[in-house]
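Trainee: One structure, pasted below without further comment.
The values are calculated or read from the model by the stated rules, or taken from the named source; none is laboratory data. Quick caveat, the model's predicted, so the values are computed rather than measured. In this analysis, Cβ positions are derived from the backbone assuming ideal geometry, glycine residues included, and neighbour counts consider all displayed protein chains. For accessibility, only protein heavy atoms count, side chains too; no ligands or nucleic acids. Shrake-Rupley method; radii C 1.70, N 1.55, O 1.52, S 1.80 Å.
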Amino acid sequence: RQVNETCTYLDQLKSTQAELSTFVESNMESWAPSVCALIGPSLAAQLFASTGGLGELSKIPACNLQLIGKNKSTSASRGGMATNARSQHAGYLMECELVQRCPNYLKMKAMKAVAGKLALAARTDHVNCEAGRARSAAVGRKFHGELMAKFNKWEEPDKAQSVK
């Protein structure tokens, strides 16, 4: 009987969590439009939940943004076994569609570039919010375009050297 009650409670908890997640994702674009334009509302909601909001997210340096959502890996959590299941410095940003489009050998480099632009986009949204200005996704869309162009450039083959 207790097991059934616990299972019912966990099912209710899971459905409530799904409702809250849907609500937050649907409102993310009005809270932080530039961040959402850059990385998407779902990933932005995860970052907000992990950091505590836009103000806190805007204070985090880009080098630390890469690590938000990273699973801590200790010898106790691995049971004494070595693992290569996940990249060492990969958090939520590794799930970003910009990073996922890149080939494996460029993913860490791409994640660093996304983290840098994300820090700027979060600060832009925060400053606009604090100053009472209208929030706009223009900065996030601009950064998204810049990053796409940069990543495409990285994938181009090197030009042959010209003989002089």
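Trainee: Keeping to the stretch 121-164, report how many residues are touching a Ser or Thr at 6+ places or on another chain (Cβ under 8 Å) and open to solvent by less than 70 Å² (accessible area, probe 1.4 Å).
Mentor: Number of matching residues: 12.
Trainee: Answer yes if at least one residue in the stretch 25-36 is among the aromatic types (F, W, Y), open to solvent by 50 Å² or more (accessible area, probe 1.4 Å) and touching a helix residue (DSSP H, G or I) at 6+ places or on another chain (Cβ under 7 Å), and no otherwise.
Mentor: To start, the set of residues in the stretch 25-36 that are among the aromatic types (F, W, Y) comprises 31.
Keeping just the survivors that are open to solvent by 50 Å² or more (accessible area, probe 1.4 Å) gives 31.
Those still in the list that are touching a helix residue (DSSP H, G or I) at 6+ places or on another chain (Cβ under 7 Å) too: 31.
Checking the stretch 25-36: at least one residue is among the aromatic types (F, W, Y), open to solvent by 50 Å² or more (accessible area, probe 1.4 Å) and touching a helix residue (DSSP H, G or I) at 6+ places or on another chain (Cβ under 7 Å).
Trainee: If we scan the stretch 10-28, do we find a residue that is at pLDDT below 85 and on the phi > 0 side of the Ramachandran plot?
Mentor: no
Trainee: Can you name the residue in the stretch 53-85 that is part of a loop (DSSP other than H, G, I, E, B) and either surrounded by 12 or more Cβ atoms within 10 Å (Cβ to Cβ) or touching an Asp or Glu at 6+ places or on another chain (Cβ under 6 Å) (or both) and, of all such residues, is modelled with the highest pLDDT? Spell out the reasoning first.
Mentor: Filtering the stretch 53-85 down to residues part of a loop (DSSP other than H, G, I, E, B) leaves 53, 60-61, 66-85.
Filter once more, so that each one left must be either surrounded by 12 or more Cβ atoms within 10 Å (Cβ to Cβ) or touching an Asp or Glu at 6+ places or on another chain (Cβ under 6 Å) (or both): 53, 60, 66-70, 73.
Working: G53: 87, I60: 94, Q66: 89, L67: 88, I68: 90, G69: 83, K70: 75, S73: 60.
Among those residues, the one meeting the criterion is I60.
Trainee: Please tell me if E95 is touching a helix residue (DSSP H, G or I) at 6+ places or on another chain (Cβ under 9 Å), surrounded by fewer than 12 Cβ atoms within 10 Å (Cβ to Cβ) and of a type in the set (D, E, K, R).
Mentor: Numbers: touching a helix residue (DSSP H, G or I) at 6+ places or on another chain (Cβ under 9 Å): yes; surrounded by fewer than 12 Cβ atoms within 10 Å (Cβ to Cβ): no; of a type in the set (D, E, K, R): yes.
Taking the combined requirement at face value, the residue does not satisfy it.
Trainee: So for the stretch 5-16 (the condition being in a helix (DSSP H, G or I), closer than 30 Å to G55 by Cβ and open to solvent by 100 Å² or more (accessible area, probe 1.4 Å)), does at least one residue qualify?
Mentor: Scanning the stretch 5-16, I find at least one residue that is in a helix (DSSP H, G or I), closer than 30 Å to G55 by Cβ and open to solvent by 100 Å² or more (accessible area, probe 1.4 Å), so the answer is yes.
Trainee: Name the residue, out of S21, S34, S26, that is farther than 21 Å from V139 by Cα, assigned to a helix (DSSP H, G or I) and not β-branched (V, I, T).
Mentor: On the way: S34 fails: farther than 21 Å from V139 by Cα; S26 fails: farther than 21 Å from V139 by Cα.
Of S21, S34, S26, the one residue that is farther than 21 Å from V139 by Cα, assigned to a helix (DSSP H, G or I) and not β-branched (V, I, T) is S21.
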